[in-house]
Amino acid sequence: MSGFLAGLCVAVLPVLALGVWIGRRTARAKSLAGLGTPVEHATFETLHTASLAAPPLRAGLTEETARKSARKLRSLLGTDALCLTDQRQVLVWDGDGGHHRSEIMERLAGPLETGRGEAFRLTCDSLDCSVRWAVVAPLTVDDRVHGALVACAPRESAVLVRAAGEVARWVSVQLELADLDQSRTRLIEAEIKALRAQISPHFIFNSLAVIASFVRTDPERARELLLEFADFTRYSFRRHGDFTTLAEELHAIDHYLALVRARFGDRLSVTLQIAPEVLPVTLPFLCLQPLVENAVKHGLEGKAVSPGKCHIQITAQDAGAEALVVIEDDGAGMDPGLLRRILAREVSPSGGIGLSNVDDRLRQVYGDDYGLVIETAAGAGMKISVRLPKYQPGVHPAGRLPRE
């Protein structure tokens, strides 16, 4: 999180400095009808405008995101016109002088190549055109120039050059955060693929063996289990969406447990206590099923030397702004030191399928405060608690688009 906070500071400080500059330019001794001094008022307006421009830019630099943010950026600078470009074209032009698009792109070759800003006079035969000067400020991410912010004004201004540079730096930070978001998404997708590869050999082999054992003795039972297997694998290997709902995840767990019960019979008992109000909560795809599989391994397979019965309890309850999911078994448990090494990926998780994977994905999506909380000891079973925020920006189940 320290990297995120540092990025946030870099993103806010240039805009805050710009707001203070605007405020001091218009400051008077008296306050404005209880709204604070002109400096405070201008600073607030600047930060508010910046906050409205930021969300579209967090999706990267495209025609759509440029269109949604351009007017707010022009308001920050107070210019007659502003345009945002990528390496090849003008993405959006807001304000007067749109006929200068071609000239702007011709003059951008140098700044886009060197990453250095510059100001130049525009050529125009129209007497009604108020745009005579352009200030170019490159937009860079990781020392790579992605495009440019171009502010256009009636006359040359050293102040506008500095202000455009500060706003361009702020836009560049938003684009860098967007790049980090995309990297995080790719990492989550890779984690899901790794999790599927980790689960499938254990689950598929055991399930097919159980189904095969019923083919001759109880064909109808074999058919039912085959349908359970098909539904679970269809869910587990679907190719769309990084997130799902708690209801869908629990439904998949129900298919999984049907196959496990067929294998272990009355040695396994499961209790579910689910509050209906938390069923729509969104969570990372394949987040809870590995925890239930882990409970089965420690509860039953961990007692292979001395076979016994195991009880698994799954609860999901409302906890205000969060949903609290707890998966508990009374099985073999685990040495806490070994568990810490598994979560740190220092040892192979031979007895804890997907624990480190799920813990990493929860922290990537919700932050470090939302990792797994595990209580265990050798011979004392295991209790895993998962807190899920009911709302998190960017977290939406497959097929559901976020509101703008």
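The values are calculated or read from the model by the stated rules, or taken from the named source; none is laboratory data. Since the model is a prediction, treat every value here as computed from it, not as a measurement. For neighbour counting, all protein chains shown are included, and Cβ atoms are generated from backbone atoms with ideal geometry for every residue, glycine included. Keep in mind that these areas ignore ligands, DNA and RNA; they rest on the heavy atoms of the full protein, side chains included. Shrake-Rupley method; radii C 1.70, N 1.55, O 1.52, S 1.80 Å.
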| remark: Scanning segment 291-318 for residues that are open to solvent by less than 50 Å² (accessible area, probe 1.4 Å) and charged (D, E, K, R), the one modelled with the highest pLDDT turns out to be 293
| query | Among the residues of segment 128-146, is there at least one that is outside any strand (DSSP E or B) and open to solvent by less than 20 Å² (accessible area, probe 1.4 Å)? | reply | yes
| request: Pairs only if they're at least six apart or on different chains, beta carbon under 7 angstrom, first in segment 155-171 and over 22 Å from residue 97 (Cα atoms), second buried (at least 17 other Cβ atoms within 10 Å of the Cβ) and among the small types (Gly, Ala, Ser); list them, first residue then second. | output: 170/11; 170/50
| What do you reckon, is residue 30 modelled with pLDDT under 80, among the charged types (D, E, K, R) and surrounded by fewer than 21 Cβ atoms within 10 Å (Cβ to Cβ)? | yes
| What are the residue pairs meeting all of these: first residue in segment 335-364, first residue under 22 Å from residue 381 (Cβ atoms) and open to solvent by 40 Å² or more (accessible area, probe 1.4 Å), second residue hydrophobic (A, V, I, L, M, F, W, C) and at pLDDT 80 or above, Cβ atoms under 6 Å, and 6 or more apart or on different chains? | 335/378
| request: Determine if segment 223-234 includes at least one residue that is over 21 Å from the mean Cα position of the chain (by Cα), in contact (Cβ under 8 Å) with a residue 40 or more places away in the chain and over 19 Å from residue 397 (Cα atoms). | output: no
| task | Considering each of 227, 257 in turn, give the residue that is part of a helix (DSSP H, G or I), more than 18 Å from residue 284 (Cβ to Cβ), open to solvent by less than 40 Å² (accessible area, probe 1.4 Å) and modelled with pLDDT of 85 or more. | result | 257
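Please determine whether any residue of segment 273-290 is in a strand (DSSP E or B), under 19 Å from residue 326 (Cβ atoms) and open to solvent by 20 Å² or more (accessible area, probe 1.4 Å).
Within segment 273-290, one or more residues are in a strand (DSSP E or B), under 19 Å from residue 326 (Cβ atoms) and open to solvent by 20 Å² or more (accessible area, probe 1.4 Å).
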| query | Among the candidates 210, 171, 150, which residue alone is modelled with pLDDT of 80 or more, surrounded by 18 or more Cβ atoms within 10 Å (Cβ to Cβ) and within 30 Å of residue 356 (Cα to Cα)? | reply | 210
| said: For the condition crowded, with 16+ Cβ neighbours inside 10 Å and either under 22 Å from residue 221 (Cβ atoms) or not hydroxyl-bearing (Ser, Thr, Tyr) (or both), what is the one hit in 321, 252? | reply: 252
| remark: When segment 262-275 is checked residue by residue, the ones that are out of contact with any Ser or Thr (no Cβ under 9 Å at 6 or more places or on another chain) and at negative phi are 264, 266, 267, 268, 269, 270
| Does segment 109-124 contain at least one residue that is β-branched (Val, Ile, Thr) and closer than 21 Å to residue 161 by Cα? | yes
| query | Restricting the first residue to segment 109-127 and requiring it to be without any contact (Cβ under 8 Å) to a residue 40 or more places away in the chain, which pairs with a second residue that is among the hydroxyl-bearing types (Ser, Thr, Tyr) and surrounded by 15 or more Cβ atoms within 10 Å (Cβ to Cβ) meet a Cβ separation below 6 Å and a spacing of at least six or different chains? | reply | 115/140
| Only one of (1) touching a helix residue (DSSP H, G or I) at 6+ places or on another chain (Cβ under 6 Å); (2) modelled with pLDDT of 85 or more; (3) among the aliphatic types (A, V, I, L, M) fails for residue 332. Which number is that? | (2)
| Could you say whether any residue in segment 365-373 is under 21 Å from residue 244 (Cα atoms), in contact with a helix residue (DSSP H, G or I) (Cβ under 6 Å, 6 or more places away or on another chain), assigned to a strand (DSSP E or B) and at pLDDT 80 or above? | no
| Could we say that residue 247 is on the phi < 0 side of the Ramachandran plot, surrounded by fewer than 20 Cβ atoms within 10 Å (Cβ to Cβ) and of a type in the set (Gly, Ala, Ser) here? | yes
